[in-house]
Every structure is written in C-alpha cells, then in structure tokens.
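Beneath this line is the structure, given in structure tokens, with notes to follow.
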Amino acid sequence: MEFNLNTLLILAFLFFIGSLIGWVIEVIYRKFFSNCNPERKWINPGFLVGPYVPLYGFSLVILYVFSWIPVNFTENIIIQKLVLFLLMAVAITFIEFLAGLLSIKVMHIKLWDYSTEWGNIKGIICPKFTFYWMILSAIYYFFIHPEIIESLYWLSGHLTFSFFIGLFYGVFAVDFGYSIQLLVKIRKFARENQIELKIEEFKEYIIRKREKLKLRVSFMLPLRATGFDFSEDVKEFVQKRLEKEKESIENIKEKVKSIRK
C-alpha cells in the first residue's frame, strides 16, 4: 500500500463508512441486546447528533491498514491469520482505551461502561469486546477487504468522490462542535461534584423526563434539554446521581452494621 493523495481519500472514506456502520451496529445492539436498555427503546448511541460513531471509523481504518501487513513468521496459514486478527483487535482495543480514558480524564464523562464485564480495565475495555473486535477483523479480512480494493481506488480518482468526502467532513465538523459544547456544560457539573458522569444514563434521564412532561422524544437529539436551560437539566441529573450514591453508601453501612452484630 502506497501513501499518496488517493490513499488519504480512501482512508477518509473508510472512516466515514466505518462510523456509519458502527452507528447502525450500536443502535441494533442497544435496542435488542444491551442490559442497560431493559425497555428496549431506540437509542442514538455515542455523543454526536448524527448517525456516526467515530470509534468504528478509526477501527475500519486500522483494519484496512493492517490487512496489508504480511505476517510471515511461520508457514502455518491458520496461525498467521490468527496473529493478524489478534493484532487488529489489540490495536482497536488500544484506540478504544485511549478514547475512553481521555473522555474520563478530560471531560469527566464516561461514554460507555464495561464495569460489570469480567477482566475489564477501568470499565473502558474488557476481553469480551476485544474478542468481538477479533471476530469483526476476520469478517472484514475475508469477506470485505478483497471486494472493495478496486472500487476504492476507482472512486478515489474521481472528483465527485472528493466532493462527497468533503461534504461529510463539513457536516461532521459542525456536529462535533455542537456536541462538544453540550459535553462542556455536562463536564462543568461533573467536575464540580467530582463524579464520572455516564453519558448513557444522562440520555436515559433526559428521555424519561421528556416523556414525563409529555414532550416529544427526539431520537437524533437525545441530549436536547427538556426546558430552556440545558444547565438546569444537567445540575438536576448530577444531584439525583449524588443522592443515589449517598443512599447506596448508607445501605452498605447498614449492612456492615448488621453483619457485625
């Protein structure tokens, strides 16, 4: 694989497609399989408004680049491929860890939570999802990569393709700026109260509050405030979260006292 303007266009396109596909995967997972959504509602995943999850965009780029790496340390083809898929999964897990860690350290916001999963690290990554990345890596390598190479290089040579990519990134930049503004408001209260605010819990809170007030629930704008002041919704949510944590601590103390008796 040679790095030139066409290659950059291809990588930009793959990030776009991967983000879209990842969004679809996350929507389906949250609707039908996630334990965090017992009511089985349709939930817009991630922190962006539009239908894309950047983590999957970066993941598809990684899969594309790694697919060109020769793994020839052994003549056993099966071992070669297993090692390649493991490398892909580890690389994606590393990106996932960095993204999750930055969101916690910088924004005091947890974009996802694997705390209940076995072997998790800081609730950001865990062996189960690394294994899922390995499976997706194999699917991409055998069924997708061989079929898209010629099409990608053909597309990258056309002006319309460049315009399409530019249009996407223009919309993406506006969306990113808008979403960051919302997250900054959330971070303010999270930092003041020294908590890690889980974005999915906050989305659920906003949705429930809008339903309670008999307001229309927006799928694409789940973080939209229920009133005129978004800060008030965040403050109220943080306060309820602190009260819940305080109640949990008191319950634990009561259990400890009963055990000692």
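Please treat every number below as a calculation from the coordinates, not as lab data. Computed from a predicted structure; not experimentally measured. Counting neighbours? That spans all protein chains shown, and the Cβs are built from the backbone with ideal geometry, glycine included.
Residue-wise, which Karplus ³J(HN,Hα) couplings in Hz belong to segment 92-107, taking 6.51 cos²θ - 1.76 cosθ + 1.60, θ = phi - 60°, and x for glycine or proline?
Rounded to whole hertz, the list is 5, 4, 5, 4, 4, 5, 4, 4, x, 5, 5, 5, 7, 5, 8, 9.
Using the Karplus curve 6.51 cos²θ - 1.76 cosθ + 1.60 with θ = phi - 60°, what ³J(HN,Hα) values do you get for each residue of segment 74-88, in whole Hz, with x for Gly and Pro?
Karplus values, whole Hz, x for Gly and Pro: 9, 7, 6, 4, 4, 5, 4, 5, 4, 5, 4, 5, 5, 4, 4.
Using amide H atoms built 1.01 Å from N in the peptide plane, name the residues 5+ places from Lys198, or on other chains, whose amide H lies under 5 Å from its own.
Lys110
Between Asn193 and Ser151, what length in nm is gained on full extension when 0.36 nm per residue of separation is reduced by their alpha carbon distance? Show your work: numbers first, answer last.
Numbers: separation 42, 0.36 × 42 = 15.12 nm, distance 5.14 nm.
Full-extension gain reported as 10.0 nm.
For segment 116-204, just say rounded, prolate or oblate: build the C-alpha gyration tensor, square-root its eigenvalues into a ≥ b ≥ c, call rounded for a/c under 1.5, and beyond that prolate if a/b exceeds b/c, oblate if not.
Verdict is oblate for segment 116-204.
So what are the ³J(HN,Hα) numbers for segment 190-199, from phi and the Karplus equation (6.51, -1.76, 1.60; θ = phi - 60°), rounded to whole Hz, Gly and Pro as x?
Going residue by residue, I get 5, 5, 4, 9, 6, 10, 9, 8, 7, 4 Hz, with x marking Gly and Pro.
Quick check on segment 39-164: take the gyration tensor over C-alpha atoms, sort the square-rooted eigenvalues as a ≥ b ≥ c, and tell me if it's rounded (a/c under 1.5), prolate or oblate.
oblate
Tell me which of Phe131, Ser179, Leu155 sits at the most positive position along the dipole axis of segment 117-193, charges placed on C-beta atoms (Lys, Arg +1; Asp, Glu -1).
Of the listed residues, the answer is Ser179.
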